[in-house]
Amino acid sequence: DPDAKSAMLEDFHSHLLKSRRIVALLGAGLSASSGLPTFRGAGGLWRTHDATSIATPQAFAADPAFVWQFYSYRRHMALNAKPNAAHYALAQLAKSTTKFLALSQNVDGLSQRAHHPPSKLKLLHGNLFDLKCSDAKCGYREPNNTTDPVVPILAIPQSGQDPTATATATEPNTNPLIRGLDISNPNHTLPSIPTASLPHCPQCRKSLLRPGVVWFGESLPTDVLADVDAFFSADEPIDLMLVVGTSSAVYPAAGYTQVARNKGARVAVVNPDPGSGRALDGKRDWFFCGDAAEILPEMLR
Ligand code: BJW
């Protein structure tokens, strides 16, 4: 109902104009219209694996080459994707609101590339474009957003290089973000990679490097958590919480909506799935149902 939608937009907008302290919780749906798949639901399978089962220390220990192939593919996709109108709208809101914090679960670098001010962007789950030593005691880290692939052996094979591919799988790739064989398609054979050829830590010269992301069972970065806690514990209410493109299934990220609510925030959810955020049932003041790239620019205009 377009009338109901514009009334809701107007109501939201009048609250936005009064809001002094604003928090945004961001999830994979923010980057969906940039062509990057989300974790849960359609697109959440990589080959035959649930993407969330690859994002674990156990998967890396068991088969580091497979996990690196997944992350190398994701780095390639993200580097070839472009920020969408929602990333730009949020970056603009961040610039124009003194007391603003985005808590992003995304690791794709698209908010940064939309010029979101870095001090107002907290990366809860790390960054695809950081590398770190898989031995936490070593502690080595480096930013790496230029090398695609990280090591030559992780290069995405070019079409025509897969002799075992089936007829369907050799059809031209329709995903414009992938320059080469779509190795997320299980019909393509994955190149086999010896562990010795994977990227190794230049500091301890012993352990493998791994992506600087937060896997299940790992703690979120302590400096990030401290900054988020400082924002929430300031002796001032929070006026508005935006919850954009997340299933609110993963903690502690999903719990920040309640924290903001306890500080007085009204909550606006942007998601095409009407059932999204069951964790938020009864806690949403506005629900904008649809693509963030379409709706956020209207909301934040
Ligand atoms: C659109 C759209 C469009 C589509 N526009 N929207 C308390 C209770 C229970 C469990 C725990 C708890 N505390 C901790 C845990 C354990 C665990 C956890 O939460 N488990 C749950 C699954 C139950 N949490 C952890 O382990 C965390 N660590 C931790 O807490 O350490 C301390 C500790 C350890 C152990 C025990 C207790 C405490 C770490 C979590 C790390 C998550 N890592 C990943 C991978 C990152 C690296 C990578 O990218 O590969 O992070 S998993 C994955 O899920 C990724 C995401 O950031 C995260 C959230 O997913 P997100 O962004 O919400 O995506 P989706 O796909 O779920 O949803 C997309 C949404 O977009 C959908 O709703 C769509 O409808 C929507 N959408 N198109 C707008 N166009």
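We did not get these values from a lab; they are worked out from the coordinates using the rules stated. None of these values were measured; they are calculated from a predicted model. Don't worry about glycine lacking a Cβ; one is built from the backbone with ideal geometry, like all the others, and counts go over all protein chains shown.
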Rounded to whole Å and sorted largest first, list the principal axis extents of the Cα atoms in the stretch 211-301. 35, 34, 26
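Could you give the size of the charge dipole of the chain about its Cα centre, using +1 on the Cβ of each K and R and -1 on the Cβ of each D and E, expressed in debye and rounded to the nearest 20? All intermediate terms of the calculation are to be shown ahead of the outcome.
On the way: 28 positive and 27 negative charges, 141 e Å.
Charge dipole, the chain, about its Cα centre: 680 debye, nearest 20.
Could you pull out the chymotrypsin sites (Phe, Trp or Tyr not before Pro) across the stretch 214-301 that fall in loop regions by DSSP (anything but H, G, I, E, B) with no more than 11 other Cβ atoms inside 10 Å? Kindly include the intermediate steps, with their values, before the conclusion.
On the way: sites: TRP215, PHE216, PHE231, PHE232, TYR256, TRP286, PHE287, PHE288; in loops: TRP215, PHE216.
For chymotrypsin sites (Phe, Trp or Tyr not before Pro) across the stretch 214-301 that sit outside H, G, I, E and B with at most 11 neighbouring Cβ atoms in 10 Å, the list is empty.
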Cys with no candidate disulfide partner in the chain (beta-carbon separation under 4.7 Å rule): CYS289
Give the order of SER31, SER192, SER104, SER53 when sorted by the count of other beta carbons within 10 angstrom, beginning with the fewest. SER192, SER53, SER104, SER31
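Please report CYS204, CYS133 as a ranked list, fewest other C-beta atoms within 10 angstrom at the top and most at the bottom. Show your work: numbers first, answer last.
On the way: CYS204 14, CYS133 22.
Final ranking by Cβ density, sparse to dense: CYS204, CYS133.
Going by a ≥ b ≥ c, the root eigenvalues of the Cα gyration tensor, does the stretch 29-161 fall in the rounded group (a/c under 1.5), the prolate group (a/b larger than b/c) or the oblate group?
Values: a/c = 1.81, a/b = 1.47, b/c = 1.23.
Prolate is the answer for the stretch 29-161, as a/c is 1.5 or above and a/b outweighs b/c.
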Taking a ≥ b ≥ c as the square roots of the Cα gyration tensor eigenvalues, with a/c under 1.5 meaning rounded and otherwise prolate when a/b beats b/c, else oblate, which class fits the stretch 234-275? oblate
With axes computed from alpha carbons, what is the tilt in degrees of helix 2-18 against the longest principal axis of the chain, rounded to the nearest 10 within 0 to 90? 80
Residues with amide H under 5 Å of TRP46's amide H, sequence separation 5 or more or different chain, H placed in the peptide plane at 1.01 Å from N; which? ALA51
Cβ-Cβ cut-off under 15 Å around ALA85, Lys and Arg +1, Asp and Glu -1: the net charge is 0
Between helix 64-80 and the chain: long-axis angle, C-alpha atoms, 0 to 90°, nearest 10: 60
Total charge of the residues flanking SER14 in space, meaning their Cβ is under 15 Å from its Cβ, with Lys and Arg +1 and Asp and Glu -1, is -1
Of the residues PHE231, ALA89, ALA42, the Cα lying farthest along the dipole of the chain towards its positive end, which is defined by charges on the beta carbon of Lys, Arg, Asp and Glu, belongs to PHE231
Hey, what angle do you get for helix 222-233 against the long axis of the chain, alpha-carbon based, 0 to 90 degrees rounded to 10? 10
Hey, if you drop one equal point scatterer on each alpha-carbon of the chain and run the Debye formula without solvent, what base-10 log of I(q)/I(0) do you get at q = 0.06, 0.08, 0.11 Å⁻¹? -0.21, -0.38, -0.70
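Would you mind giving the average projected area, over all directions, of the Cα convex hull of the stretch 1-88 in nm² with one decimal? All intermediate terms of the calculation are to be shown ahead of the outcome.
Details: hull surface 34.3 nm².
The number I arrive at for the stretch 1-88 is 8.6 nm².
What is the fewest-to-most order of ILE295, ILE193 by other Cβ atoms lying within 10 Å of their Cβ? Walk me through the intermediate numbers first.
On the way: ILE295 22, ILE193 17.
Ordered from fewest to most neighbouring Cβ atoms within 10 Å, ILE295, ILE193 come out as ILE193, ILE295.
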